[in-house]
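Here's the structure, in structure tokens; my notes come after.
The values are calculated or read from the model by the stated rules, or taken from the named source; none is laboratory data. Since we're looking at a predicted model, the values are computed, not measured. As a convention, Cβ positions derive from the backbone with ideal geometry for all residues, glycine included, and neighbour counts pool all protein chains shown. Just so you know, the surface numbers come from the protein's heavy atoms only, side chains and all, with ligands and any DNA or RNA stripped out. Shrake-Rupley method; radii C 1.70, N 1.55, O 1.52, S 1.80 Å.
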Amino acid sequence: MIALQFLVAAAAAAAVLTDDHTDLYFLGVAGAVLLVAWVMAERSYRKHREAAERGRRATLLIDGLGHPVSQSELAILKEAFIVPAEKASKYEDPKYFAAKAPAGPKRLTEMLAESAFWTSRLQSKSVTLMIGMFVVIVIGTLVVGLIAFPIAKHEQMVTAVRVFLAFLTFLLSTDVWGAIQGHLAAINAIEDVRARLRTISATDYPLSDLLLAMNDYNAAVESGPLNFPYAYKFFSTQLNKEWREIA
């Protein structure tokens, strides 16, 4: 989705650089196609994420508290999944959570604490990468502008400003600047949940407090943007080491 938004902005910027009707026609068509592709990607993203979030919530209840769901609910849950069971089975990991307590409030607290750690850290890495991308594009544009300013003619400067404005639309979109704000909000909310889980652990795991913390964690995860592409792959070794040190 980020790549598609960037390409839409690139098509808009390219349209500024030409007055040829044929070029403008093809750029307009390309922009329309890219926009349709973005809408389709966004719908697919929402559909996959909704199914994944339902599975994650069910896992916390079933594995954490040891409360099985009814067959009807299980059938609805399986129906929501998009990835075939045969393909998903390759990624099954019964030791995914490090929690060792038997099913009950303590185990759910351990699972939430582990999930919150990973979510918070990956959100932090993601926002760092997003801000880095934002800064690189802005600084790169400013450097090019400063180099070109002394030798550029008035018409060229006007064109450069229009190109910059086209890319500024991309930078301020929900997939870039909006994602940065979303990552920061998610980090703050999840760190608050982590603090509450420590209090819950110290007060013999009151179930009502635990369920409230779980609901707030779910809300933070589901309202926040997904991690930056490949963030987990890049930082998993480092974060596993951090988790082992504090677990």
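Two decimals is fine: what is log10 I(q)/I(0) at q = 0.15, 0.20, 0.24 Å⁻¹ for the stretch 177-225, from a Debye sum with one equal scatterer on every Cα and no solvent?
The computed values of log10 I(q)/I(0) come out as -0.41, -0.63, -0.79.
Karplus couplings for the stretch 86-96 from phi (6.51 cos²θ - 1.76 cosθ + 1.60, θ = phi - 60°), rounded to Hz, Gly and Pro as x?
4, 6, 5, 4, 5, 9, 5, 9, x, 10, 4
For the stretch 1-245, treating each Cα as an identical point scatterer without solvent, what Debye log10 I(q)/I(0) comes out at q = 0.10, 0.13, 0.16 1/Å?
-0.65, -0.93, -1.22
Can you tell me the 0 to 90 degree angle between the C-alpha axis of helix 154-171 and the longest principal axis of the chain, rounded to 10?
Result, in degrees: 10.
Nearest 500 deg cm²/dmol is fine: what mean residue ellipticity at 222 nm does the chain get from its DSSP H runs of n ≥ 4 alone, each adding -39,500 (n - 2.57), divided by its residue count?
That comes out to -26500 deg cm²/dmol.
Using only Cα atoms, what is the ratio of the radius of gyration of the stretch 52-124 to 2.2 N^0.38 Å?
1.19
Given the options Ile131, Ile190, Ile139, state which has the largest fluctuation in a GNM of the chain using a 10 Å cut-off (strictly under) for Cα springs.
It is Ile139.
Say we join alpha carbon atoms closer than 10 Å with springs in a Gaussian network model of the chain; which of Ala15, Ala219, Ala75 then has the biggest fluctuation?
Result for the chain, Cα springs under 10 Å: Ala75 fluctuates most.
For the chain, set up a GNM with springs between Cα atoms under 10 Å and report which of Ala101, Ala116, Ala202 has the largest fluctuation.
Fluctuation is largest for Ala202.
Taking the 0 to 90 degree range and rounding to the nearest ten, how far is the long axis of helix 207-223 tilted relative to the main principal axis of the chain, both from C-alpha atoms?
It is inclined by approximately 20 degrees.
Ignoring ligands, DNA and RNA, what percent of the 1.4 Å accessible area of the chain is carbon and sulfur?
That share works out to 65 percent.
With a sphere of radius 9 Å drawn around the Cβ of Ser120, what net charge do the other residues whose Cβ falls strictly inside it have (Lys, Arg +1; Asp, Glu -1)?
+1
Tabulate in residue order the Karplus-calculated ³J(HN,Hα) for the stretch 58-70, using 6.51 cos²θ - 1.76 cosθ + 1.60 with θ = phi - 60°, rounded to whole Hz; enter x for Gly and Pro.
Calculated HN-Hα couplings, in order: 5, 4, 4, 6, 6, 7, x, 8, x, 9, x, 9, 5 Hz.
Of the trypsin sites (Lys or Arg not before Pro) in the stretch 18-98, which ones lie in a loop per DSSP and count no more than 14 other C-beta atoms within 10 Å?
Loop-located and lightly packed - Lys95.
Taking the Cβ-Cβ separation of Ala75 and Val36 as r and a Förster radius of 25 Å, what is the calculated FRET efficiency to the nearest 0.05?
0.15
Report, in debye and to the nearest 20, how large the dipole of the chain comes out about its Cα centre when Lys and Arg carry +1 and Asp and Glu carry -1 on their Cβ.
With only Lys, Arg, Asp and Glu charged at Cβ, the dipole is about 540 debye.
Would you mind computing Rg(Cα) / (2.2 N^0.38 Å) for the stretch 1-111, counting N as its residues?
Against the empirical 2.2 N^0.38 Å value, I get 1.72 for the stretch 1-111.
Which of rounded, prolate or oblate describes the stretch 44-90 when judged by the alpha-carbon gyration tensor and an a/c cut-off of 1.5?
Prolate is the answer for the stretch 44-90, as a/c is 1.5 or above and a/b outweighs b/c.
For labels at Asn215 and Ala101 in the simple 7 Å Cα→Cβ model, what's the distance in nm?
In this crude label model, Asn215 to Ala101 measures out at 2.0 nm.
Working from Cα positions, state the angle (0 to 90°, nearest 10) between the long axis of helix 105-148 and the longest principal axis of the chain.
Between helix and principal axis, roughly 10 degrees.
Relative contact order for the chain: what percent, with Cα pairs under 8 Å and sequence separation of 6 or more?
26 percent
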